Amino acid sequence: MRILVTGGCGYIGSHTAVELLNAGYEVVIVDNFYNSQPNVVDKIKTITQKDFAFYEEDCCDEKAMRKIFSEQKIDAVIHFAGYKAVGESVEKPLAYYRNNIDSTLVLLSVMKEFGCRKFVFSSSATVYGDPASLPIKEDFPLSTTNPYGTTKLFIERILTDIAYAEKDLSVALLRYFNPIGAHESALLGESPNDIPNNLMPYIMKVATKQLPILNIFGDDYDTPDGTGVRDYIHVVDLALGHIKALEKLEHETGVLIYNLGTGKGYSVLDLVKTCERVNHVEVPYQIVGRRPGDIAACYADPTKAKEELGWTAEKGIEEMCRDSYNFVIKNI
Ligand code: UFG
């Protein structure tokens, strides 16, 4: 089976490309390096000792997508490419709607033209908004608090409508919780160019003294230590979830929805302390005000993915913290 991985040089896409190649799939990557580095292509080849086709293109470019589909017999698409910064999406909603939605529409119409009928979408737990209870199940009500999240929700709806009309289409909506960690080779990981928005990359910048201090956004939430609680999942476990979803799509049509999380919640302070302990580093921090739009706690009920896909996250929080750090110190 040949899989087109859009955004395959990005953080989650690159780890998924590795696991696909390791599992014996043929891979074609398309990436425009908007938020990734060209050297990731060679790193994936080094890790897997396998070759694959790569296209530097924008997924909104219909002509370019058509060229890829005419040169490669694509059996399924895993769509990672997209803008993903929550704060930036509030400043630039037009860019977020255009890029994230256009790219999906282009891919879906080119897929139809070429008879490619399997689509895995990179969604997010952000589609649950502020959940009324925990852990979060797939049938919880959906809502969003920012344009980035709304692009994910809209795309989920668009895919659901298309799958209703096109009965031979198979779609998996994978709702990720908070991916952290890195490949054990330390060749792949998360390396934001600017000041990071997300917690783990920020902790890493402080642990390696590239930034002086971590701001913890609030310690007065209704959580065990007052800081925000999230379901951190190792990016390699997350990548493996995509393989399981693809296997499922071989035999099913319609829309399948899965939470990809561990089911365990850790606070900001848990993550800081674990990083300090396992990596023998110091992470100075100060408590500041809450970040607008943040929720107190968010963690998955991953039962559905376990029962229907046979997938569970295996790697614990210590391994996540170690792998994140190993990647960062080898790539400063
Ligand atoms: N936090 C800090 N200081 C920081 C950064 C984050 O205290 O410098 C806290 C946040 O307040 C939150 C926790 O760390 O309690 C995690 O924050 P992240 O920014 O790492 O992650 P979020 O849960 O806010 O958002 C992530 C993704 C979104 C996605 C969302 C879905 O970044 O893309 O999960 O659950 F939509």
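Which parts of the range 43-71 would a label at R98 reach, counting a residue when its backbone N lies under 13 Å from a point 7 Å out along Cα-to-Cβ?
60-61
Considering the dipole of the chain built from charges on the beta carbon (Lys and Arg +1, Asp and Glu -1) around the Cα centre, which of A245, L214, Y11 is farthest to its positive end?
Comparing the listed Cα positions along the dipole, Y11 ranks first.
With the full set of protein chains in place, find how many percent of the accessible area of the chain is carbon and sulfur; take the probe as 1.4 Å.
C and S fraction of accessible area: 49 percent.
Relative to the present Cα-Cα distance, how much length would full extension add between N39 and K167 at 0.36 nm per residue of separation?
Details: separation 128, 0.36 × 128 = 46.08 nm, distance 3.96 nm.
Between N39 and K167, full extension yields 42.1 nm more.
For T253 and E314 in the same chain, what is the full-extension length gain: residue separation times 0.36 nm, less their Cα-Cα distance, in nm?
Details: separation 61, 0.36 × 61 = 21.96 nm, distance 2.82 nm.
In short, 19.1 nm is gained.
Within the chain, which whole H helices from DSSP have a Cα span along their axis of at least 24 Å and a mean Kyte-Doolittle hydropathy of -1.0 or more, if any?
In the chain, the long hydrophobic H runs are 147-165.
Given points 7 Å out from each Cα along the Cα-Cβ axis, report the D225 to K67 separation in nanometres with one decimal.
With each label placed 7 Å out from Cα toward Cβ, I get 5.1 nm.
In whole Å, how far is the Cα centre of the range 33-76 from that of the range 269-317?
Centre-to-centre (Cα) distance: 31 Å.
Can you tell which of R291, R322, R98 shows the greatest fluctuation in a Gaussian network model of the chain with Cα springs below 10 Å?
R291
Within the set K167/K315; K152/K306; K67/K306; K50/K209, which residue pairs have Cα atoms separated by over 32 Å?
Details: K167/K315 37 Å; K152/K306 23 Å; K67/K306 37 Å; K50/K209 36 Å.
In this structure, K167/K315; K67/K306; K50/K209 lie more than 32 Å apart at Cα.
Separation of the range 14-32 and the range 174-209 by C-alpha centroid, Å?
For the range 14-32 versus the range 174-209, the Cα centre distance is 20 Å.
By how many nm would the segment from E307 to N215 grow when fully extended, if each residue of separation counts as 0.36 nm and the alpha-carbon distance is taken off?
Working: separation 92, 0.36 × 92 = 33.12 nm, distance 3.89 nm.
The E307-N215 span can extend by a further 29.2 nm.
The values are calculated or read from the model by the stated rules, or taken from the named source; none is laboratory data. All values reported here derive from a predicted model rather than from experimental measurement. Cβ atoms come from the backbone with ideal geometry, glycine included; neighbour counts cover every protein chain shown. In case anyone asks, the SASA skips ligands and DNA or RNA and just uses the protein heavy atoms, side chains included. Shrake-Rupley method; radii C 1.70, N 1.55, O 1.52, S 1.80 Å.
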